[in-house]
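Data block below; observations after.
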Amino acid sequence: MLGCSLWGSAPPTPTGEKRGAGWLEPLLLLLVVVLSGWVLAQQTADCPGTCDCSEAARTVKCINRNLTEVPVGLPRYVRNLFLMGNHIQNVSSASFPPETLLELSSLNLSGNRLQWVEAGTFAGLPSLKQLDLSDNALLELSPMALGNTSSPLEELNLRNSLYNNSYVTAVAQLLQQEAFLNLKRLDLSENTLLYLPQGMFAALHSLQHLDLHNNSLVSLHGVTLENLRQLQSVNLSGNALKRLRNSTLLQLRGLPQLTSLNLTHNAWVCDCGIEDMVSWLKESDLVEAKSSLKCSYPKGMENRSLVAIDFSELSCPEPTDNQTQLQTSYVFLGIVLALIGAIFLLVLYLNRKGIKKWMYNIRDACRDHMEGYHYRYEINADPRLTNLSSNSDV
């Protein structure tokens, strides 16, 4: 009767079947509860204690936890790993072991006082597309950090990441590797770079966005841009550029996808050497806010808009002045050297007798010395004089 009241109008079944059906449902419910608890325990165990993990968002955050190394035991499902604001100074292949984080696509290591990135550090991350190393002080950045094969990396952020501007050569060597064939966005801003090594970007055929703002670049001479056929935007604001040479303007004209070029806040020198650049500015639509580009030098042209310049106002420094000054310096140096030589010869002439006597004395001393050696040799060579040589001095 109890079974009938519980199951309502279910058709009558044999007693054995009724008892089996009554035990099956609670058993399944208990099994589901146990499995759920086991899965929850596994998820909790896979998340390091210093991190916050979300399997639904495929995200692990270990932010401002005073970590000195990359946590071990990261869950395999992680796609976005945030390690900002810690004290991780060194990363290597041991930090991201192969076959452990196969789905990791975004890695943020900014603000870590990071100094060393060793060879093969990110080679075990086959899905890595975004890498942020900004706000660090890199002393060593291995050219083989991503391995020696093509990487899926699309975005690299090195903003304010170099210990000083001399480490740009290490960055250039890194970017020239085959691993960066898929790179689309590169941020090198705020690194006080004075120059860019020749061919630094030549291998970045997929690059679309290049950010170089707030550096100290004086010139783009030797910078190769003609291979960047996919380049869409370049930010050169906040540098120390004086003018863009014809070779650079020619490369910019040849980039079919380029639609945005930021040249604001540079120290433009408005003399006759800037005429070609001004002509290009007037006819080009690439430059953002080109009417805000102002002259910094020479005196009398300050704060004049480049696109509003009349070429008749531009003057050129006379090269003859510098050449004349250089020739004058050479003549003065020649006169000084001739005077020193004349004084030296005069001293020799006035002391000719004493110098002659001194040379004779040196000659006589050398002759006496050589005669003494000759006499010693004769004694040693004659057996009859052996005893004599042992008891006498030359």
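FYI, it's all coordinate maths here, none of it is from the lab. Since this is a predicted model, take the numbers as computed values, not measurements. Glycine gets a Cβ as well: all are built from the backbone with ideal geometry, and neighbour counts include every protein chain shown.
A simple spin-label model places the labels of R113 and L346 6.8 nm from each other, with each point 7 Å out along Cα-to-Cβ.
The phi torsions of region 185-196, fed into the Karplus equation with coefficients 6.51, -1.76 and 1.60 and a -60° offset, translate into couplings of 9, 10, 10, 10, 6, 6, 10, 6, 5, 8, 8, 10 Hz, rounded to whole numbers, with Gly and Pro shown as x. Couplings 3J(HN,Hα) of region 49-65, computed from phi: x, 8, 10, 10, 10, 9, 5, 4, 8, 6, 10, 10, 10, 10, 9, 6, 10 Hz, in residue order, whole Hz [Karplus 6.51 cos²θ - 1.76 cosθ + 1.60, θ = phi - 60°; x for Gly and Pro]. A simple spin-label model places the labels of Q232 and E288 1.3 nm from each other, with each point 7 Å out along Cα-to-Cβ. Restriction of the GluC sites (Glu not before Pro) in region 69-109 to DSSP coil positions whose beta-carbon has at most 10 other beta-carbons within 10 angstrom yields E99.
Per-residue 3J(HN,Hα) values for region 144-161, derived from phi via the Karplus relation 6.51 cos²θ - 1.76 cosθ + 1.60 with θ = phi - 60°, read 9, 4, 9, x, 10, 10, 4, 10, x, 4, 10, 9, 10, 10, 10, 5, 6, 10 Hz in sequence order (x marks Gly and Pro). Too long at a 25 Å Cα-Cα cut-off: which of K242/K299; K242/K282; K129/K290; K61/K129? With Cα atoms farther than 25 Å apart: K129/K290.
Working note: Debye formula, equal point scatterers on the alpha-carbon atoms of region 152-290, no solvent; log10 I(q)/I(0) at q = 0.12, 0.14 Å⁻¹ is -0.45, -0.61. Other residues with beta-carbon under 14 Å from the beta-carbon of C47 carry, at +1 per Lys or Arg and -1 per Asp or Glu, a net charge of +1.
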